[in-house]
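Peer 1: Got a structure here, written out as structure tokens. Questions coming.
FYI, it's all coordinate maths here, none of it is from the lab. Every value quoted in this text rests on a predicted model; they were computed, and no experiment measured them. Note that each Cβ is placed from the backbone with ideal geometry, even for glycine, and that neighbours are counted across all protein chains shown.
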Amino acid sequence: MPLIKHGKLVEDTWHDTDDFADVQALAALGPVIVNLAVWRQHRDAILALGGTLGLRLAPGQTPDIVAADLHRFSLIALEFARFTDGRAYSQARLLRQRHGFKGELRAVGEVLRDQLTFMLRCGFDSFSVDTKRQAESILDAVAEFAHWYQPALDGAATIPALRRRAVDRGEAAAPAGCAANWAY
């Protein structure tokens, strides 16, 4: 499956698995993403592996239930089961704002171009899609928005869009009608 990370198509080095038949087999995979059920049942054995670890949360699973272990994960994958189910947006905001999660936040499942900007603004930085065509469409969407009117969780500068556009045009002063004492 194609993976977009930080606005670029990249190779996915993570292995998403629901199986935990053999600890050694899991260790041989390299970076692994486990679901919440596997994590809860085999937490100690997984930690004993010492590898790079990711967690996949389904739409109804709040990040609060693994808050004490979030520092153990380099990646959290949040599932978009259907395009009409927006719980992953709330999960993303909780992870970034309430829990201070700094690792990779990946959208999986029904990742749609039309919803990409909302995902970016909630703090997602990677997107797993089904086809190369979807990946190309999403890459186009990433490039469409360069300026935002409000701050969010995507790390974009919080300089107002109107001022940023003026700077992009090479204007040193604030645009006409704007307060000249803005703090940047």
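Peer 1: Label segment 3-145 by shape, choosing from rounded, prolate and oblate, from the square roots a ≥ b ≥ c of the eigenvalues of the Cα gyration tensor; if a/c is under 1.5 it is rounded, and otherwise prolate applies when a/b is larger than b/c, oblate when it is not. If you can, show how the numbers build up before the last one.
Peer 2: Values: a/c = 2.02, a/b = 1.49, b/c = 1.35.
Here segment 3-145 falls in the prolate category.
Peer 1: What is the fewest-to-most order of Leu116, Leu95 by other Cβ atoms lying within 10 Å of their Cβ?
Peer 2: Details: Leu116 22, Leu95 28.
Result, fewest neighbours first: Leu116, Leu95.
Peer 1: Please report how far the C-alpha centroid of segment 98-128 lies from that of segment 22-97, rounded to the nearest whole angstrom.
Peer 2: 14 Å
Peer 1: If you take every DSSP beta bridge whose two residues both sit in segment 3-145, what share of them, in percent to the nearest 5, is antiparallel?
Peer 2: Working: 6 of 25 bridges.
Antiparallel: roughly 25 percent of the beta bridges in segment 3-145.
Peer 1: When a/c reaches 1.5 or more, the comparison of a/b and b/c decides; with that in mind, is segment 1-61 rounded, prolate or oblate per its Cα gyration tensor?
Peer 2: Numbers: a/c = 2.41, a/b = 1.46, b/c = 1.65.
Oblate, since a/c reaches 1.5 and b/c is not below a/b.
Peer 1: Dipole of segment 7-104, Cα-centred, from +1 at each Lys and Arg C-beta and -1 at each Asp and Glu C-beta, to the nearest 20 debye? Can you show the working numbers first?
Peer 2: Working: 11 positive and 12 negative charges, 109 e Å.
In debye, rounded to 20, segment 7-104 gives about 520.
Peer 1: Would you mind computing, in nm to one decimal, how far apart the modelled labels at His15 and Arg169 are, each placed 7 Å from Cα along Cα→Cβ?
Peer 2: 5.5 nm
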